Amino acid sequence: MAVEIPPADLADNATVLAFLGYQIPSTNISFGSPAMKSFTLFAASDNSTVHMSGGFFDLASGESMTQIITPAAGGPQQQKVIFPAGTTGEKAHSVSMRVGDYARYEKKGAK
């Protein structure tokens, strides 16, 4: 399953709910614009993998992107830089989540 969200339909700092139906293990979403600085994904189904691409993942020189996973079951947030500064151009990223988890993506640097 693939979903494309037009850039005009998704504001900066938006949260998208990802629900995958019965026996659907993953989905592809394409969204956002390079000007967006943050985005949050909420898992509304268990053991789902979301493959992401689109304008949000088009990084300019000097930009980096961090992923912050907040698990629904509690415990510490898991934070890591998924694209360090100097990684330019269109990128794609995948995340596997459990129901209730949040994955936040933040750009830092240029622009």
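The values are calculated or read from the model by the stated rules, or taken from the named source; none is laboratory data. Note that the structure is a prediction, hence the values are computed from the model and not measured. Cβ coordinates were reconstructed from backbone atoms using ideal geometry, including for glycine residues, and neighbour counts include every protein chain displayed.
At-a-glance table
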| item | result |
| --- | --- |
| Hits in region 56-68 (condition: surrounded by fewer than 17 Cβ atoms within 10 Å (Cβ to Cβ) and either part of a loop (DSSP other than H, G, I, E, B) or touching a residue at least 40 places away in the same chain (Cβ under 8 Å) (or both)) | 60, 61, 62, 66 |
| Selection count, region 70-111, where residues are part of a strand (DSSP E or B) and of a type in the set (Gly, Ala, Ser) | 4 |
| Of the criteria (1) at pLDDT 95 or above; (2) under 18 Å from residue 33 (Cα atoms); (3) not β-branched (Val, Ile, Thr), which one residue 102 fails | (2) |
| Residues of region 73-89 classified as out of contact with any strand residue (DSSP E or B) (no Cβ under 8 Å at 6 or more places or on another chain), of a type in the set (A, V, I, L, M) and modelled with pLDDT of 90 or more, total | 0 |
| Total residues in region 69-89, condition in contact with a Leu (Cβ under 8 Å, 6 or more places away or on another chain) and either closer than 24 Å to residue 24 by Cα or surrounded by fewer than 12 Cβ atoms within 10 Å (Cβ to Cβ) (or both) | 1 |
